[in-house]
1. Taking only C-alpha pairs under 8 Å that are 6+ residues apart, what is the relative contact order of the chain in percent?
2. Over the chain, give the accessible area per residue in Å² for a 1.4 Å probe, as an integer.
3. So how exposed is Phe8, as accessible area in Å² (1.4 Å probe, rounded to 10)?
4. Give me the percent of DSSP beta bridges within the chain that run antiparallel, rounded to the nearest 5.
5. Hey, what do the phi angles of segment 54-67 turn into as Karplus ³J(HN,Hα) couplings, whole Hz, using 6.51/-1.76/1.60 and θ = phi - 60°, x for Gly and Pro?
6. Once amide H atoms are built 1.01 Å from N in the peptide plane, which residues 5 or more positions from Ile105, or in another chain, come under 5 Å H to H?
7. If you average 1/r across every pair of different Cα atoms in the chain and take the reciprocal, what Kirkwood value do you get, in Å?
8. In nm, to one decimal, how far is the Arg37 label point from the Ile79 one, both placed 7 Å along Cα→Cβ?
Amino acid sequence: MANLGGTFDATQVAPSQAFEVLPPGKYKVQVTDSDMRPTKDGNGQYLWLEMEILDGEFHGRKIWDRLNLVNPNQQAVEIAQRSLSALCHATGKLHVTDSEALHFIPVIATVRVR
């Protein structure tokens, strides 16, 4: 439970609208946040990436990716490593020890919808 410090009156604030799914395509983005997180089953870790679209109709929208860098499934790790390599090449940062080195560098991301 969280005390709001007063009464929130929802009649005085317009509710947020649900975002529509982004159409597949290429978008200019930058990584704005990242973190290594444990997988749900606890048997691995993934690099969580938050990216912001920098221009066009969807300027300011966020997209996310998860790269399974530590996982018992070697194929998942290889896919994640290839994705991370693509991001590193796109940013020009070819040797990274901290994902923060990839932040705030514009790149083109291909968005697919599942």
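1. With pairs under 8 Å counted, the relative contact order is 29 percent.
2. 75 Å²
3. Looks like 130 Å² after rounding.
4. That works out to approximately 95 percent antiparallel.
5. Once θ is set to phi - 60°, the couplings for segment 54-67 become 9, 7, x, 4, 9, 3, x, 5, 9, 10, 10, 9, 10, 10 Hz.
6. The answer is Val31.
7. Hydrodynamic radius (Kirkwood, Cα pairs) of the chain is 16.4 Å.
8. 1.7 nm
The values are calculated or read from the model by the stated rules, or taken from the named source; none is laboratory data. None of the values given here were measured: they were computed from a predicted structure. Note that we place each Cβ from the backbone using ideal geometry, even for glycine, and neighbour counts take in every protein chain shown. The area values use the complete protein model at the heavy-atom level, side chains included, leaving out ligands, DNA and RNA. Shrake-Rupley method; radii C 1.70, N 1.55, O 1.52, S 1.80 Å.
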